[in-house]
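Okay, so here's the structure we're looking at.
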Amino acid sequence: MGVAEGDLILEIGFDESDCDTELHNALATKSGSPLLDGDSQEVVDTVVLWWRDEDGDLVDELVDALTFLTEDGDIWVLNPKVGQPGHMEPGEIQDAAPTAGLSQTISFVAAPMWTATRLVPRKSKK
């Protein structure tokens, strides 16, 4: 997921009952520091958003996540795979991203039950 040593990562929506703890721990190990939670006010390199269909308004959450992101940072939306509780259609992420000022770049299976979608801020034209 492009995490490097020294990166600050903000993690939103993590719940030990349904999230992939191995992926969570791997991100912390790769960055070399614990993941920050939603109470943090730090500017971060990456936002990891564990998102389920019933979690609310994705556009609002993405706009909020942008306020913590460095200029060249990215947001990873982790969504339960097809057939899992909380799964939402990929089109919902595709629709939410541009409304929030983001572009989708890649999606892949990041963990046995979770798909990762990378979103990056759209660059303004000068």
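Applying the criterion of being surrounded by fewer than 20 Cβ atoms within 10 Å (Cβ to Cβ) and of a type outside the set (D, E, K, R) to the residues of the stretch 52-68, the residue that is nearest to E16 (Cα to Cα) is G56.
Checking the stated criteria, A65 turns out to be part of a helix (DSSP H, G or I), of a type outside the set (D, E, K, R) and either closer than 26 Å to E5 by Cα or in contact with a helix residue (DSSP H, G or I) (Cβ under 7 Å, 6 or more places away or on another chain) (or both).
Return yes when V44 is within 17 Å of V109 (Cβ to Cβ) and out of contact with any Lys or Arg (no Cβ under 6 Å at 6 or more places or on another chain) and no when it is not. Answer is no for this residue. Being more than 15 Å from the chain's Cα centre (by Cα) and of a type in the set (D, E, K, R) is the filter here; which residues of the stretch 82-116 pass it? Passing the criteria: E89, D95.
Within the stretch 85-105, residues that are in a loop (DSSP other than H, G, I, E, B) reach partners that are of a type in the set (K, R) with beta carbons closer than 6 Å, at six or more positions or on different chains, in the pairs G86/R52; G101/R122. Within the stretch 1-27, the set of residues being acidic (D, E), over 16 Å from D74 (Cα atoms) and assigned to a loop (DSSP other than H, G, I, E, B) comprises D15, E16, D18, D20.
Here, each number is a calculation from the coordinates, and none is a lab measurement. Just so it is clear, the model here is predicted, and its values are computed rather than measured. Positions of Cβ are backbone-derived with ideal geometry, glycine not excepted, and every protein chain shown enters the neighbour counts.
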